[in-house]
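Participant: Structure in structure tokens, see below.
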Amino acid sequence: MNQQQDQLEALHEIRNIMDRSSRFISLSGLSGVAAGLSALAGAAVVKWHLSQYNVTYSQDSGATLTWSSIQFMVAVALGVLVLAIGSALYFTARKAKLNHHRLWDSKSRRLLVNLAIPLAAGGIFCAILLYHGILYLVAPAMLVFYGLALINGSKYTYGDIRYLGICEVILGLLVSFFTGYGLLAWTVGFGVLHMVYGTLMYFKYER
């Protein structure tokens, strides 16, 4: 019995070593929580701004919003992105240092490349939607492309991130039909789901 247990522990250790050699495992769950909080704050600011103009985020939004309001919303989204990336770098660097792992290596490069391709495509597509005044599809597009980026990058980090990506894609596709809930879906997808995912990851891998 002890011999069997030793063999299982040895296999488990070998698997862990293989994972560390092929996957970037320094992502911190706290970065997900911080990104979620940033998204919730950004959504609250956008909701307040829309209320000043008595505008509902729906198919008619493009006809009632001024260009300055669209610029304001884009600026808020970029601010949320900067805060999310900043918090991810901080918490991930801290975790890598604690575990004596390198933050920048071939694994992190592969992860970033596989995240960047769908995100870049999504960013360009959202810019095209804005150019044509199709504002109500921007939030669904952001969710779908972000989810695809997570699914694509899950091969190079924790596999759990794949489930977050799937949830983001499903949410984005659903809200494409119910355009009046675009801002709510953006809040849930980038805010609530990030916080839930980050909390689960923290307690699973960092506690």
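Bear in mind that the values in this text are calculations on the coordinates, not laboratory data. Note that the structure is a prediction, hence the values are computed from the model and not measured. Note that we place each Cβ from the backbone using ideal geometry, even for glycine, and neighbour counts take in every protein chain shown.
Participant: Excluding same-chain pairs closer than 8 in sequence, count the lysine pairs in the stretch 29-206 whose Cα atoms lie under 21 Å apart.
Facilitator: Details: Lys95/Lys107; Lys95/Lys155; Lys95/Lys204; Lys97/Lys107; Lys97/Lys204; Lys107/Lys155; Lys155/Lys204.
Lysine pairs meeting the criterion: 7.
Participant: Determine, from the Cβ-Cβ distance of His100 and Val196 and an R0 of 22 Å, the FRET efficiency 1/(1 + (r/R0)^6), rounded to the nearest 0.05. Show your work: numbers first, answer last.
Facilitator: On the way: r = 29 Å, r/R0 = 1.33.
Once the sixth-power term is evaluated, E becomes 0.15.
Participant: Could you work out how far apart the two model spin labels at Val113 and Asp160 are, taking each label as a point 7 Å from the Cα in the direction of the beta carbon, and quote it in nm?
Facilitator: For Val113 paired with Asp160, the spin-label model returns 2.7 nm.
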